[in-house]
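To start, the structure itself, in structure tokens.
Coordinate-derived values only; no laboratory data. Computed from a predicted model, the values in this text were never measured in an experiment. When we count neighbours, we look across all protein chains shown, and the Cβ atoms used for this are built from the backbone with ideal geometry, even at glycine.
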Amino acid sequence: MTRTGSLFAAACITAALSFVTEASAQQAPAAPKGEAIVATTTVTATVTKIDHTNRQVSVKTAAGKEYSFVADSAARNLDQVKLGDVVTVTYEEALAYELVKTGTHGIVTTTGAARSEKGAKPAGVVAQQTTATVTVTAIDRSVPSITFTGPRGNSRTIKVLHPEKLEGVKVGDLVQLTYSEALALKVVEAPKK
């Protein structure tokens, strides 16, 4: 994947943050740089039972799986949810990497969250992004694999899926790894029949 992959990952997280209509959000994580691998999972379910007093909700997916849970008191606007409403949950994660050649080790984590305004249908999103700068300590082109040491001195060897990505990389180079994830939930009114 090219830089477009990382821009896509950043766009997905930004889209997840904007998934909440009329929400006040903290600062969203910055777009990761370099190449990225992105995965998204979306589940849609219909509200089949709801007990507003005890905050108990049951939903059923299109595949027929049923789930029941108690909505936390932080879940705003549960009183707006009715039988037949549709709940959509999207989980997005991305791992981006960029060869930076120079710099210093470090770990930075950024988080953001938002939820719907009072009186609206429930919706919310939580996003987190962690960036770590690691040093390349070994390269085995025969496997192919690369070994790196992180800011806390921990070492890890990983197989390289695309050996051509090792061109120009040498022991001592720095690589910036950025792991991003976002979870968005939105409830919409039951479809008209």
(message) Spelling out what I want: for every residue of region 176-192, take phi, set θ = phi - 60°, compute 6.51 cos²θ - 1.76 cosθ + 1.60 (Karplus), and round to whole Hz; glycine and proline get x.
(response) 9, 9, 10, 10, 10, 8, 9, 10, 10, 9, 8, 10, 10, 4, 3, x, 6
(request) Could you tally the net charge around T88, taking each other residue with its Cβ under 12 Å from the Cβ of T88, Lys/Arg +1 and Asp/Glu -1? (result) +1
(request) Just grab the label-to-label distance for N154 and V169, each label 7 Å out from Cα along the Cβ direction, in nm (one decimal). (result) 1.9
(request) Name the shape class, rounded, prolate or oblate, that the alpha-carbon gyration tensor gives for region 106-189, where a ≥ b ≥ c are the square roots of its eigenvalues, rounded holds for a/c under 1.5, and otherwise prolate holds if a/b is larger than b/c and oblate otherwise. (result) prolate
